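Here is the structure we will look at.
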Amino acid sequence: MKTETYVGIDVSKEKLDFALVKNGNKIFHCQTTNDLSGIKSVIKKITKEYGCDHESTIFCMEHTGIYNQHLLDLFEKKKFMLWLESSMQIKKSLGMQRGKNDRIDALRIAMYAFRFRDNIKLWQPPRMIIRHLKNLSALRTRLMRAIKLLQLPLKEQASFFNKKAAKEISGHCNASLKSLKKDLEKVNKQIQDVILADEHLKKLFQLITSITCVGPVTTTEMIITTNEFKNFSEASQYACYAGVAPFEHSSGTSIRGKTRVSHMANKTIKTILHMAAVSSIHIEGEMKVYFERKIKEGKNKMSVLNAIRNKLIKRIFAVVKRNEPYEKNYQFVLV
């Protein structure tokens, strides 16, 4: 693959800015609406006027959630090479910057792709069923937040208000809570049905849930965030992505900081893995024994829980790689 042209795209809700760079020099910029007709017109223009084709052009843009969707749909259909990068990665790679607007951001993204062209990571579009699962999972999260938002104040008010007032307030919310919980049950059922209807997802689900304390929610999020384990080949890579990999902080003889995890992470999956780790130390087994032993040795509680999160990630990747369910008392057989 001989890449000559790099197109940076700054994405917002209503507008898209395109900046085209060749040999490190900016040669084109334009702005269009964030819809299929606007995108098609720009692609047609740069293809015709600047000779951009599928084999020599890299399009690069940041993750922006649903605002990317028109671009992703078209690029997947047209088989364009797309580099989807995190905004933090681009920002930190460029050093100190002065000024900011959509035009400048598009050029910076294009220059980022040009400068780091040896490390291109082409986007692999997930299957439609994974996209569907992602939408359902996001809906489940919103419903759970809404339920929590209503339940917690009700519990607090019951402790401080008189019984009559607390009962009256609770009565106003009960119908909403009941409806939200019913919707949550439906979404959970739909997620389960989607997974069971696909043989590959069903197999992954069975493998991962064979691990103690790794339930349906954790399994679903792992499948979504790894793109069916296509985007991550090693557990260590995913541990960095999830924000549970410890990093050393030292330099020379003067800086001796504590080894700690990075805040640049997928906070959703980090929270879910934390809940799984907490559950594992309340069940009789090796995780509970490990946790209690490390605490007796004087280790920090959160540090030990983080180690358990790492263990869970390693086990999940191991069962997927081996294509075999987890065995609690696995023994090596000498041949």
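The values are calculated or read from the model by the stated rules, or taken from the named source; none is laboratory data. Note that the coordinates shown come from a computational prediction; the quantities given were computed from them, not determined experimentally. Heads up, the Cβs are rebuilt from the backbone with ideal geometry, glycines too, and the neighbour counts pull from every protein chain shown.
Summary table below
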| item | result |
| --- | --- |
| Residues of the range 118-139 that turn out to be in contact (Cβ under 8 Å) with a residue 60 or more places away in the chain and surrounded by 15 or more Cβ atoms within 10 Å (Cβ to Cβ), as a count | 7 |
| Subset of the range 275-293 (residues that are under 28 Å from the mean Cα position of the chain (by Cα), surrounded by fewer than 19 Cβ atoms within 10 Å (Cβ to Cβ) and farther than 17 Å from Glu221 by Cβ) | His282 |
| Residue in the range 28-40 that is among the hydrophobic types (A, V, I, L, M, F, W, C), without any contact (Cβ under 8 Å) to a residue 24 or more places away in the chain and part of a strand (DSSP E or B) present | yes |
| Top-ranked residue in the range 228-238 [being closer than 19 Å to Thr271 by Cα and touching a residue at least 60 places away in the same chain (Cβ under 8 Å); ranked as farthest from the chain's Cα centre (by Cα)] | Ala235 |
| Set Glu292, Glu286, Glu327: member being outside the structural domain of Gly243 (by TED's automatic domain parsing) and either at pLDDT below 95 or of a type in the set (Lys, Arg) (or both) | Glu327 |
| Residue match in the range 31-45 (condition: closer than 30 Å to Cys240 by Cβ and buried (at least 18 other Cβ atoms within 10 Å of the Cβ)) | no |
| Per-region count, the range 10-19, residues in a strand (DSSP E or B) and touching a helix residue (DSSP H, G or I) at 6+ places or on another chain (Cβ under 6 Å) | 5 |
| Some residue of the range 62-74 being part of a loop (DSSP other than H, G, I, E, B), in contact with a helix residue (DSSP H, G or I) (Cβ under 9 Å, 6 or more places away or on another chain) and not assigned by TED's automatic domain parsing to the domain that holds Thr225 | yes |
| Every residue from the range 116-140 that is part of a helix (DSSP H, G or I), of a type outside the set (Ser, Thr, Tyr) and modelled with pLDDT of 90 or more | Met128, Ile129, Ile130, Arg131, His132, Leu133, Lys134, Asn135, Leu136, Ala138, Leu139, Arg140 |
| Conditions (1) modelled with pLDDT of 90 or more; (2) assigned by TED's automatic domain parsing to the domain that holds Lys270: number failed by Gly243 | (1) |
| Matching residues, the range 89-117, being surrounded by fewer than 17 Cβ atoms within 10 Å (Cβ to Cβ) and either in contact with a Gly (Cβ under 9 Å, 6 or more places away or on another chain) or closer than 19 Å to Leu16 by Cα (or both) | Lys91, Gly99, Lys100, Asn101, Asp102, Arg103, Ile104, Arg115 |
| Residue selected from the range 17-42 under the condition β-branched (Val, Ile, Thr) and at pLDDT 90 or above, by the criterion farthest from Arg115 (Cα to Cα) | Thr33 |
| Pair list, Cβ < 9 Å and 6+ apart or interchain, from the range 5-27 residues that are within 13 Å of His63 (Cα to Cα) to residues that are β-branched (Val, Ile, Thr) and assigned to a strand (DSSP E or B) | Gly8/Val21 |
| Matching residues in the range 210-230 - criterion: being part of a loop (DSSP other than H, G, I, E, B), surrounded by fewer than 19 Cβ atoms within 10 Å (Cβ to Cβ) and touching a Phe, Trp or Tyr at 6+ places or on another chain (Cβ under 9 Å) | Ser210, Thr212, Phe229 |
| Matching entry among Lys100, Lys164, Lys155 (being in the same structural domain as Glu14 (by TED's automatic domain parsing) and either touching a Ser or Thr at 6+ places or on another chain (Cβ under 9 Å) or modelled with pLDDT under 85 (or both)) | Lys100 |
